[in-house]
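*Asks:* Input: one structure, supplied below.
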Amino acid sequence: APAIRTRGLRKTYRSFTLRQVVAVEGLDLEVPVGGVHAFLGPNGAGKTTTIRMLLGLVRPDAGTIQVLGHDLPGGLEAAVTRVGAVVEQPKFFPTFSGRRNLALLARGAGVDERRVDEVLEHVGLSERARDRFRTYSLGMKQRLAVAATLLKDPELVIFDEPTNGLDPAGIHDVRATMRSLAEQGRTVLVSSHVLAEVEQVADTVSIVVRGRLVADGRVADLVGSR
Ligand code: ADP
Ligand code: ADP
């Protein structure tokens with residue numbers, strides 16, 4: 001089974017003026033197991049809404065969702081324990097070190113604290129782990145968010161526009177992190193509105209426009225030369 005499969009997924013919002021806004025329109029999304037899969041589309045295409053439905057945060061109007069072989073919503077609990085999501089900056093304590101912040105999260109999640117050093121190493125933050133969070137660059141903050149997600153050792157890691165607002169060094173760091181997750185055998189789903197970024201980081205891609213899938217397949221075949 002693929003890591004993610006949706007069929008006929010649909011979500012409509014009602015705007016302030018009570019106009020219907022179709023965010024996701026009959027979306028068939030298929031994310032293979034392993035590698036980095038990009039979810040590419042312009043702003044407003046429905047990427048965030050789709051990701052929120054995959055995470056059980058938004059209820060679809062219609063359609064089916066399978067995540068790691070579990071049907072949602074019934075299998076949500078079984079699925080989400082194996083999924084990590086980097087969808088917004090978590091609230092870290094600015095005056096605590098990165099390591100201390102993660103140790104607190106690990107304790108809260110019932111994760112062995114020895115895992116903290118592993119995940120810091122994994123995202124390339126070991127050397128700065130004992131510095132205060134507020135001294136970190138944006139890219140480092142984003143990598144700490146990834147490290148927090150990795151505490152529970154997820155098989156599937158979902159990123160919603162993770163490089164927004166980052167400088168080139170930060171973008172490079174986050175890209176390296178996504179590649180290394182895939183090299184470890186995890187599945188990465190990353191949304192983006194930047195074609196060049198998809199060409200650099202992804203193996204496969206689904207392209208969404210106005211809530212509909214318009215193409216999917218290998219990046220090399222569809223858009224780039226990777
Ligand atoms: P993307 O992530 O691709 O930029 P979104 O899923 O955020 O797309 O948005 C898809 C459409 O749904 C847009 O037209 C957006 O304005 C609308 N939308 C998203 N969230 C809401 C909401 N909570 N209420 C009303 N409209 C929304
Ligand atoms: P290059 O191969 O372009 O020389 P590196 O991958 O060696 O670059 O490292 C460049 C940047 O990526 C550095 O800022 C480093 O901290 C960061 N980095 C290194 N390893 C990882 C990793 N596993 N995850 C995230 N960032 C990393």
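*Asks:* Which net charge results for the neighbourhood of T12, defined as the other residues with beta-carbon distances under 11 angstrom from its beta-carbon, given Lys and Arg at +1 and Asp and Glu at -1?
*Replies:* Net charge in that neighbourhood comes out at +2.
*Asks:* With label points built 7 Å along Cα→Cβ from the Cα atoms of D167 and D28, find their separation and express it in nm.
*Replies:* Label at D167, label at D28, 4.6 nm between them.
*Asks:* Can you work out D for region 1-159 in µm² s⁻¹ from Stokes-Einstein, where Rh is the Kirkwood radius over C-alpha pairs, the temperature is 37 °C and the viscosity is 0.692 mPa s?
*Replies:* Estimated via Stokes-Einstein, D reaches 191 µm²/s.
*Asks:* Using alpha-carbon positions, what is the distance between the centroids of region 1-52 and region 88-162, in Å?
*Replies:* Comparing the Cα centres of region 1-52 and region 88-162, I get a distance of 28 Å.
*Asks:* Compare R130, R115, R59 in a GNM of the chain, Cα atoms joined below 10 Å, and give the one with the largest fluctuation.
*Replies:* R130
*Asks:* May I have the pair-distance distribution P(r) for region 44-127, computed from all Cα-Cα distances with 5 Å bins from 0 and rounded to whole percent?
*Replies:* Percent of Cα pairs in each bin: 3, 12, 17, 19, 14, 14, 12, 7, 2, 0.
*Asks:* If I stretch the segment between R19 and R132 completely, what's the gain in nm (0.36 nm per residue apart, minus their alpha carbon distance), one decimal?
*Replies:* Gain in length upon complete extension: 36.0 nm.
*Asks:* While we're here: Let me test this: with uniform point scatterers at the alpha carbons of region 74-180, what is the Debye-based log₁₀ I(q)/I(0) at q = 0.13, 0.18, 0.19 1/Å?
*Replies:* -0.44, -0.84, -0.94
*Asks:* Residues of the chain: accessible area per residue at 1.4 Å, in Å²?
*Replies:* Result: 50 Å² of accessible area for each residue.
*Asks:* Report the full-extension gain for the segment L195 to D153: residue separation times 0.36 nm, less the Cα-Cα distance, to one decimal in nm.
*Replies:* Separation in residues times 0.36 nm, less the Cα-Cα distance, equals 12.2 nm.
*Asks:* Still on this structure, I have one more. Compute the long axis of helix 138-150 from its Cα atoms, compare it with the longest principal axis of the Cα atoms of the chain, and write down the angle in degrees, 0 to 90, nearest 10.
*Replies:* Taking Cα atoms only, the helix is inclined about 80 degrees.
*Asks:* Can you give me the % of accessible surface on region 9-95 that is carbon or sulfur? Probe 1.4 Å, all protein chains present, nothing else counted.
*Replies:* Solvent-exposed carbon and sulfur of region 9-95 make up 55 percent of the total.
*Asks:* Tally the DSSP beta bridges in region 87-226 and give the antiparallel ones as a percent, rounded to 5.
*Replies:* Of all bridge pairs located within region 87-226, approximately 60 percent are antiparallel.
*Asks:* Output the Cα-based Rg and Dmax of region 147-224 in Å, rounding Rg to one decimal and Dmax to a whole number.
*Replies:* Gyration radius and largest Cα-Cα distance of region 147-224: 12.9, 35 Å.
The values are calculated or read from the model by the stated rules, or taken from the named source; none is laboratory data. Remember, predicted model here, so these are calculated numbers, not experimental data. Neighbour counts are summed over all protein chains in view; Cβ atoms, including those assigned to glycine, are modelled from backbone coordinates with ideal geometry. Note: areas computed on protein heavy atoms with side chains; ligands, DNA, RNA excluded. Shrake-Rupley method; radii C 1.70, N 1.55, O 1.52, S 1.80 Å.
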